Amino acid sequence: MGSPNIDLDEISKLCQSLNLDEVEMTSSAYSENKDKLDLCLVGKIIGNKLANRDGLESAMENISKIPGNFKIEQISSNNIFLFEFRHKEDRLRVLAGGP
């Protein structure tokens, strides 16, 4: 199976359009939840269709090899999700791009 053609201009345009402004958190909420937030990542799924949370969770389990050690919560109708890991090491591994 060959790799898909990647249009770098299109990727650049998509990256410029990313906007997490609708996801807000006050500084007091951050302070109260810092330990939990250290286990989380926020991600946006780029595409023409709305992402399915269950399908995304299943795909992430297969890719990340961290079955059952994270949960996904949709935090916006614009394909923005919160990924919460049970272990900080798992979060760091995914953040670094590892399996």
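The values are calculated or read from the model by the stated rules, or taken from the named source; none is laboratory data. A quick note: this is a predicted structure, and the numbers were derived from the prediction, not measured. Here the Cβ positions follow ideal geometry from the backbone for every residue, glycine too, while neighbour counts run over all protein chains shown.
If you go through the range 40-81 and keep only what is in contact (Cβ under 8 Å) with a residue 12 or more places away in the chain and among the polar types (S, T, N, Q), you end up with Ser64, Asn69, Gln74, Ser76, Ser77, Asn78, Asn79. Would you confirm whether or not the range 12-32 contains a residue that is at pLDDT 85 or above and part of a loop (DSSP other than H, G, I, E, B)? Looking through the range 12-32, none of the residues is at pLDDT 85 or above and part of a loop (DSSP other than H, G, I, E, B).
The residues of the range 54-73 that are at pLDDT 85 or above and surrounded by fewer than 15 Cβ atoms within 10 Å (Cβ to Cβ), listed by number, are Asp54, Gly55, Lys71, Glu73.
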